[in-house]
Structures are given as C-alpha cells and as structure tokens.
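Inspection log for the structure reproduced underneath, given as structure tokens.
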Amino acid sequence: MNILNLFSTHKTASNVLMVIILLFGLLGLLKLNVQSLPDFGFDLITISVDWKSASPRDVENQIIKSIEPEVRTIDGVRKVNSTAREGVGQLSIEFVKNTDMQRALSDVSSAVSRILSLPEDSEKPKVRRIIRYETVGRLLLYGDISEELIRNNAKKIRDDLLNLGIDKVNILGMRDKEIVVAIDPLSLMTFKKSMQDISDKIYAFSEDFPVGTIEDSDIRKIKISGQKNTIEQLKGLSIISGEFGEQVYLKDIANIYINYDSEGQYGLVNNKQAISLDIKRAAGRNSLKTAKILENYVVDFQKNLPPNLNVKIYDLSVQSVRDRINLLIKNGLGGLVLVVIILFLFLSGRVAFWVAFGIPIALAGTLGVMLISGQTINMVSLFALIMMLGIIVDDAIVVAEYAQTRHEEGDDSVSAARKGASKMFLPVFTAAITTVAAFIPIFLITGIIGQVIEAIPLVAIAVLIASLVECFLILPGHLSLALKNKKKNISKFRIKFNKYFFIIRQNYFRKLVGHATKYRYVTLSATLSVLIIVLGLMSGGRVSFVFFPSPEPDIIYVNFNFSPGTSKENTSSMITELEKSLLEVDHNKEVKTYFSIIGKSLGLPGSVQQIQGQHIGAMVVELVSSDSRITEVSDLIIRWKKNINKLAGLESMTISSKRQGPPGKDIDIRIIPNNINNDISYTKLVADEVKSLLSKYEGVSDIYDDLPWGKEELVLKLLPSGKSLGFTTLEVANQIRAAFRGIVVKRFSDGSEEILIRIRYDNQRLREIDLKNMFIMSSSKNFIPLSQIVELEYEKGFSIIRRENGKSEVSITAEIDEKIIAPSTILNALSDGPLDEVIIDKGYSWRLAGRSEEQSETLMDMKIGTAIGLVLIFIILSGVFSSYSRPLIVMSIIPFAALGSIIGHWLTGFNITILSLVALLGLAGIVINDSIIMVSTIDDKIKKGISIFNAVIDGACERFRAVILTSLTTISGLIPLLFEGSTQAQFLKPMAITIVFGLIATTFLVLFLVPALILVQNDIKNIFNKISSSISS
C-alpha cells in the first residue's frame, strides 16, 4: 500500500495526477465521435451476376444454386442470403465478427472463379466488399423545372458535398440518361442487317483505340481517334457502304435522341419531379460534423437557387442525436445536483465537496479511457455514464465515509485519509472486479443487439478504472486537507443532522436489525414470499416483455404495388392520392416533408427492397419532432389508412414508422419447403394462408410476403421447323432481346455521370403484336417470321425468389401495435399450434426470424453469460473471503434485485425490455458492492472477538450511513431521467426504472437480509458441528 500512502501524504502528487486526468478527459471530449447509436452491422461481401432477360426461376436454378455451395463453406461465413430476380442473381455473404475481411474477399473471389457451370451468356460475377454507411440526413430537390435542370443541380450538389468531405452521397429518383438509336425494322430487312451488326458498326467507328507506343528519343503513345459521343456525331456515322461509294448513314435508318430510362426510378413531390440525396457517413466519422457540413452548404446553395427550384433538408437523423444527447446531459446534470445535495447532507461540507469534485475527475478519466479504447459518444454510452455515476460516487463515498468515521474517532487527518484508502482498498477493488464480472454476459451477446449494447460494459469498465484511480490516488490527498479542521467550524445544521441521524441509527435501525436477525427465518421467508408473488406478476402477464422498444419515430414509410405490368401513370395517381389523403388528416399541421418515388421501395428489408418496376411506388414522410407534436405517429397512420381511397388494381400497401435498433420486424415467419422440388406457386398459397391467419389477431397490420408475383411471361419455345432452318435458342433470344431490350453499344462519361448509347426498335414497335409479327434473320441473311420458328405460351412467375443458407424461404412480416398487444404474446400464440396446422401439414417447415430470432439468440447468450459471470463472481469472492460459504451470502442479494425491478415496471406501466435486463446486470454489480463491504465489516468484528450476534448488528449499524448514502446518490443520479416527460426518454426509462426500484428494494435487503443470512449460515454451521460431534463421540 506504499503508493496509497504516497498519494495521501504527498503535497502535490494527487493534484498533478488530477490535472493530467482532466486534460486527458478534455482531449477525449474533443476527439470522441458523436452519433445516435453505436456502429452495428455485420461485415458483408456481395456477389452479383447479370444474366439479361432471364426469369427469376432460371437465375435461381442456374446461377444462385451454382454459387451457393462454393461460398457457404468459406471460413467465417455466418449466413448466405440469395435473391434471384429478373436478369440478375445476388448473394450477400455475412461473416462473423472480427473476420479478416481482406482474406475473406480473396477466398470468395477464388471460390467464384472456380465455378464453370454459369450460363455462357451471363456476365462475369462481380465480387465486392460492402462498406457500412449510416444516413446522416437527406436533401430534397423539387420544383416546376425541367428534368435536365434538376438532374444537373443534384449532380452538382453531390460533387460539392463529396469535395467538402462527405463520405458518400446516393441519389434517389434520378433516371439514367442514355442516347437511344431507334432502328426501323424495315431498314434492317432492306439492308439484310441484324441489330448486332449495327451495334458492332457503331462501336467500331465511335471509339478511340490505342494501338501501341513508339520508342524513339521520346516515348509516344499511338491511338486511332474516332470517338463520337454526341447525337450529331452519331448521325453522321456511315453504316453501309455500296460498291460504287454510296453511303447509308445512321440517321437514314434510325431516329437518334436523348432519353431517360423509362423503367428507372422517378421522384415526385406534389406531382412535380423531385430528387432526393442520401447523405451518409462512414463508420468512425462524426455525425455532428457531417451534419454541420450539410447544413452550411445548403444555406450557401439557397442564396443562388435557380427559379422554381426548392431545396430542403429532411430526415436529419443527427437532430435526434442532438436532442437525445442534450436530454441525457440535462438529466445527468440534474442528477449530479441531487447527488451533491445528498453528499452535503450526510457528509461534512469539505469532505462532501471533494467527493463531489471527484465526479468530474472520474468522468474526465472515463472519456480518456473511452478514447483509447475506440468508443464513441452515443445514446447508449451516455446512459451508461449516467448509470455508472452511482459507481463513481459509491467508491468515493465508501473511502470518504470511513475516513471521516476514523477522524471522528480521534485519528488525525492524514492518518484518517490513509486508513480510509488502505482499509477500503480490498473491498472496493473486489467490488470493481465483481462488477466487471456482472457485465460479462453482455460481452457474450452475439448479433446486432450485442453490438448495440456492448457500449454499456465498455463504458462501465472505463468508469471503474477512472473511479479506482480517483478514489485511491487523488481523493485521499484531498481528504487529508478536508479533515484538518476539527470541530470548531462545524455548522449548527451539521451538528443537528448528525445528532438525529445518530438517534435513527442507534435507537430505531438497531432495533429493526435486531428483530430481523432474531427472527431471521421469518425475515427470509417473508422475502422469498414477496419474490414469488412478484415473479407471479411477470408470469401472469401483468408485466410484459418487449424485446427492443424504439423511441417515438418521426419518419413514416409507405410502400405499395399494383400487379406487374401496370403503367407508371397508375402508380403516379396512387402517389397523388396518398399526398392528398395525408394532408387531409394532418389536422395539427405536423407533416414537415414528404417525398415519393416510382420504381423502388423504401424502408423495407433488403430482399424486398431489390424489387423494381413501374408498378411499385413508395413514399417517405417526415413529421415534426415527437416532442413538438401532439399526435403520436401510430394514431396518424391509423387515420391516414382510413382516409386513403385505394385505386383499382392495387395489390398491397403498407404504412409503417421508421424504427431504430436491430433490423427486422417483430413478426417475421419464414416458410421453408421440406422438398426441394416443391412447386413455388404452392408455396405462395401457403404464404397467403399464413397472412390470413395473422390478419385475425388484433393489433397486427401491414402483412407482407417477399414472394411477389412478377409480370406475365411470354414463353417462346423453338419449333422443329426453326431448328431445321439452323436457328438456335440462343440466337433467337439474342435477336428478340436486341429488339425489345436493346443493345448497349458502349458507355461513356460526360464528367458527371455515365451515359449509355443503346440501339433498339422504335418505341412505337414494342407491343406484343409486334413481337408476334417480328422477323428473325437467319445465318444466310434471310428474314423468317418469328411465328414460323417458335410457339408462344403464357406463364406467370415471381419477380423475386429468396434463399437463405442454401434453402428457399418465404418471409411473411407484419407490424404490431405494442399498445394493443406485445409481440411475444402473438408469437407464443402462433407457436402453440396454429402455424403447425397451416404449414407443417402441407409439407413445409417454419421458423421465426427478424427480431424474434435476434431475441432468442440474445437471451440464450445472456443465460450462458450470466452463468459464467456468477461463477467468476463466486471465484473472486471465495478468494477474497477465503471461504466458500461467505460468497453465497454476498451473492444472495442478486436474485432479489429483480424483485424491485419488476415492481417498478408494474407500478410505472412500462414493459420489461432487453435494456431492463442489461440494467439488471449493472444493478447486480452495484448491489454486490454494498453487500461485500457489509459482510467484510461484520467479519472484521467477528475476528476481533465480538460475538456473532453483536457483530452482525454493530456491522450493520456501522455501514448504515454508507449503504443509505450510496443508494441515495445512485438513485438521485437517475431520478431526473425517471420523471423526464420527453418522448425520446421513454426508450431509456426501463433501464432507469430497473436501477432505481431495484436499488430501493436491495438497500433494505442489504441492511436486513444479509445480516440475517449470516446468522442463518452460522446456525447451519452449528448444526453440522453438532452432528459431526455426535458422530465422532
């Protein structure tokens, strides 16, 4: 303990260390990244294979099934999700945490390169690693201006923001630009040319081709110049040359014009074109700084806005970060004031001052440790800081209270400070490492939840390190100064408070402890009875469990679709109806911004998000901040749904709010065929039955499956007559594709975007009748009617097929109104038989995914982690007490911590959440601290020869002030948050409820139950001694 003596006696050591820590904390405050939640997500590598015009079923059979077996066996692969849609197959490979992703990328690339069974006309697989980005905000451009002008402004803003340091900008609602060469089919027949012939000719005469270098005195590169990228240049291309020099130019056989992809995404606001830009930050970048760049840029940009163009920021997620950080800081400061008041109430003024002054010192040390360990300032870590504020104060209180007690009993100030540090070092250090052990379960939680709440134990460890340094190396030096004044300056209030506190402790508390220990079995039975009753509240459904509640959202997503093949005009009309009906129900003018898009979904799971087409529409709505509006988002959605006039042909529509936390829906049922040859159409029927079953439950809405019907397909089969004429399936397919889908001749950049040159039939000739009347050119340059070489059949398929880990799956998801029913209640009801009747009996199996799957994995990890944590705590305590029985008394307080927590949730009407369970682990660490010091004090008295009954009562009385004080300071630190009315605080309240009510319950248990248990343990020991004596005699 020499170092403790040094810091308690040295005149400057403690102050020098204090200044270093404060500077260290200031550096952490300036350098730590600020964001809403910790970075979470799995490392991904994607594989994409284009196979033009192939149906989803063909993509699944010939691309997905060829790649899956090769990549699933790669080291570190956690999950493989595959989607097959028209013309493209995509695989998303999810890796376990801490995988070497550079090596993983190499392994995946090698595995894909070994595959030889992919279709010959498919593109080369593209393998890339996905870098995670978080949306900081969105920028909306809209107005009554031309499409070209709004596109140019969107591209300018994107480039400017990237130059200013924004990590990534995605553009939504901007159609791709292309130069279309629309060929007249009669011209092809006249000149006996195919579309591919024309494409090859254009490419050959419109590109620059490097041909080598000349090495002379200087090295010069040689190229043949012929680049032609403008309409005028293309018109002058010679396509056909006659024997006598006559020329047929491209303009003679084609109409050439600028076009925007008719199948591309198209943004709308109030029936006017709009473009949205997603502003994203990379992991490790500061959200507040990124948002500041965006806000400053928009202010400057708006000064020179083109006429009729509007620009506004919406869905600024960083605003919620600011609000929540300010909320927690405000409540943290409020709690700090209450803590200081209580300290001054129970301790002498000078001692209380230095204990309170230790809080900013320890917080500064915590920020420094967080910086070194790579943590961030976010909502979770800030709450952990507030929660651990009690630990910071507790450690200092234990040392200061014992030093003050020694000083009151006659020790000089230096000796009292030194004894306070040295005597309390072992129990406080033991309490610290047992607190770390209590948080072990959180480190063992895998998945998204583990990544989100991992900040809590990391902050806890940082706080414990800083707290130990402060209370043993800095506080003793300050206490030696604070205790120098004897009794001459003690205020009248202090004298009176100490007098009454002494009376309460010696007259009332001593009697109560005496009764609790004398009738110890009644004390134990009563406590167990209350615990059983409280657990009954939980099992009886009086207190529900909700896995991960989301703060009140400000964003609403609408997604809808008509039957495939529906025109863009119908989708646009539905968007107009959505806008009109929304404004009609917005009685309090709480809608801030809205943006709609044709051809894409928004805010849906990844596989569904990939479905595209003009029959699909989506809308995002931003409301004013939840703390500034009267209407809850769920109520607005209900009113909106009732007011919508659904158009004919609308197949489905979902309206849901944006949720934070782990991805996935509360209800996500996966249907898996038991037979790989199951008819996918029958799978769709089973999915429809499950959706019908879900619709019967109150509170369930927006039921959706990810197996949507696709466009009706015209299936062409080559006739024997076609084969006899020398046609092949591939040759016919290429010519039809070239006519209807076009051929991309080349791509070039104009400096701001990539532009395609595409040749295709004239738009007026792209109807079904034109397909039937089409002519196909044979190898002998003859044109044969398509109807003579193929037969036509009609077939309806699916627009997307999804697989997971090598098996086809269909996901049925739904939204739940948690005010009506808890997700666990519905899932338990479904699992008790209804799902088996609908699914199992039809040759399928099922499983729960989404948040339910995350919940099962998390709770299982927590159970394993809790067992390991308890074993570690027992090992630590058995070493400290040199006993196997004493740790059981210390740890007996842990299960009773849940007692107060459940009562607190019941009284306040809050559901128990995963955050409540996390707080319960933290609470276990806090209550063990008091229990350790209580048992240590009683054991010390027993070793001095005091009878065990008197030692128990004296020890409880001696620790009475410290136990009350540590509990009150921890509770006071969270009281402001507990009574916070902000809607954003509701997300964190279950954690505060757990600790506050848990501490209220365990404070009484530490003071009354622990002393009783020590005597119960002694009774058991005496019984065994008597039995042993009688046996030996």
Can you name the residue in region 813-857 that is in contact (Cβ under 8 Å) with a residue 12 or more places away in the chain and among the polar types (S, T, N, Q) and is also nearest to Ile637 (Cα to Cα) among such residues? Thr813
Given Thr866, Thr908, Thr937, which one is in contact with a helix residue (DSSP H, G or I) (Cβ under 8 Å, 6 or more places away or on another chain) and closer than 19 Å to Ile971 by Cα? Thr908
Determine whether region 599-614 contains at least one residue that is closer than 17 Å to Thr654 by Cβ and at pLDDT 90 or above. no
Within region 811-867, can you find the residues that are more than 30 Å from Ser82 (Cβ to Cβ), among the aliphatic types (A, V, I, L, M) and surrounded by fewer than 16 Cβ atoms within 10 Å (Cβ to Cβ)? Ile820, Ala829, Ile864, Ala867
Index of the failed condition, Glu123 passing every other in (1) within 26 Å of Ser53 (Cα to Cα); (2) at pLDDT 90 or above: (2)
Given Ile864, Ile820, which one is farther than 30 Å from Thr446 by Cβ and not in a strand (DSSP E or B)? Ile820
Quick one: in region 435-483, of everything that is polar (S, T, N, Q) and buried (at least 24 other Cβ atoms within 10 Å of the Cβ), which residue is farthest from the chain's Cα centre (by Cα)? Ser480
Any chance region 516-531 includes a residue that's modelled with pLDDT of 85 or more, exposed (fewer than 15 other Cβ atoms within 10 Å of the Cβ) and outside any helix (DSSP H, G or I)? yes
What pairs come up if the first residue lies in region 61-77 and is assigned by TED's automatic domain parsing to the domain that holds Lys126, the second is acidic (Asp, Glu), and their beta carbons are under 8 Å apart, counting only those six or more places apart or on different chains? Ile74/Asp107; Asp75/Asp107; Gly76/Asp100; Val77/Glu94
Which of (1) closer than 28 Å to Ser529 by Cα; (2) outside any helix (DSSP H, G or I); (3) of a type outside the set (S, T, N, Q) does Lys1021 not meet, given it meets every other one? (2)
Verdict on Ile329 being hydrophobic (A, V, I, L, M, F, W, C) and part of a strand (DSSP E or B): no
Failed item, numbered, when Ala364 is tested on (1) surrounded by fewer than 18 Cβ atoms within 10 Å (Cβ to Cβ); (2) farther than 30 Å from Ala154 by Cβ: (1)
Taking the condition more than 30 Å from Tyr682 (Cβ to Cβ), of a type in the set (A, V, I, L, M, F, W, C), exposed (fewer than 15 other Cβ atoms within 10 Å of the Cβ) and not assigned by TED's automatic domain parsing to the domain that holds Ala437, does Ile875 pass? no
Quick check: is even one residue across region 878-892 at pLDDT 85 or above, within 20 Å of Thr858 (Cβ to Cβ), of a type in the set (Ser, Thr, Tyr) and part of a helix (DSSP H, G or I)? no
Restrict the check to region 564-571 and report whether at least one residue is among the hydroxyl-bearing types (Ser, Thr, Tyr), closer than 28 Å to Arg659 by Cα, buried (at least 20 other Cβ atoms within 10 Å of the Cβ) and touching a residue at least 40 places away in the same chain (Cβ under 8 Å). yes
State all residues of region 963-1009 that are small (Gly, Ala, Ser), over 20 Å from Ala352 (Cβ atoms) and part of a helix (DSSP H, G or I); if no residue qualifies, say none. Ala985, Ala992, Gly998, Ala1001
Suppose we filter region 270-286 for residues that are at pLDDT below 90 and buried (at least 22 other Cβ atoms within 10 Å of the Cβ); how many remain? 1
Restricted to region 61-86 and to residues being assigned to a loop (DSSP other than H, G, I, E, B) and touching a helix residue (DSSP H, G or I) at 6+ places or on another chain (Cβ under 8 Å), the residue nearest to Asp679 (Cα to Cα) is Glu86
Single residue of Ser82, Ser106, Ser36, Ser92 found to be among the hydroxyl-bearing types (Ser, Thr, Tyr) and closer than 30 Å to Arg322 by Cα: Ser36
Would you check if Ile115 is in contact with a helix residue (DSSP H, G or I) (Cβ under 8 Å, 6 or more places away or on another chain) and within 29 Å of Gly264 (Cα to Cα)? no
When the residues of region 134-154 are filtered to those that are of a type in the set (Val, Ile, Thr) and surrounded by fewer than 21 Cβ atoms within 10 Å (Cβ to Cβ), which remaining residue is modelled with the lowest pLDDT? Thr135
Among the residues of region 404-434, which ones are of a type in the set (Val, Ile, Thr), at pLDDT 80 or above and surrounded by fewer than 22 Cβ atoms within 10 Å (Cβ to Cβ)? Ile433
Quick check, is Ala951 in a helix (DSSP H, G or I), touching an Asp or Glu at 6+ places or on another chain (Cβ under 9 Å) and surrounded by fewer than 24 Cβ atoms within 10 Å (Cβ to Cβ)? yes
Going through (1) aliphatic (A, V, I, L, M); (2) more than 30 Å from Trp640 (Cα to Cα); (3) part of a strand (DSSP E or B) one by one, Ile703 fails only at (2)
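Okay, residues lined up against (1) surrounded by 16 or more Cβ atoms within 10 Å (Cβ to Cβ); (2) modelled with pLDDT of 80 or more; (3) touching a strand residue (DSSP E or B) at 6+ places or on another chain (Cβ under 8 Å):
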site	(1), (2), (3)
Ile166	yes, yes, yes
Gly173	yes, yes, yes
Ile179	yes, yes, yes
Ser194	yes, yes, yes
Asp208	no, no, yes
Thr213	no, no, yes
Ile224	no, no, yes
Lys228	yes, no, no
Gln247	no, yes, yes
Given the criteria among the hydrophobic types (A, V, I, L, M, F, W, C), more than 29 Å from Ile93 (Cα to Cα) and either modelled with pLDDT under 90 or in contact with a helix residue (DSSP H, G or I) (Cβ under 9 Å, 6 or more places away or on another chain) (or both), does Val585 qualify? yes
For the condition assigned by TED's automatic domain parsing to the domain that holds Lys863, in contact (Cβ under 8 Å) with a residue 60 or more places away in the chain, over 29 Å from Ala919 (Cα atoms) and β-branched (Val, Ile, Thr), what is the one hit in Val428, Val463, Val414, Val398? Val414
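The values are calculated or read from the model by the stated rules, or taken from the named source; none is laboratory data. Not measured: the values here are computed from a predicted model. For neighbour counting, all protein chains shown are included, and Cβ atoms are generated from backbone atoms with ideal geometry for every residue, glycine included.
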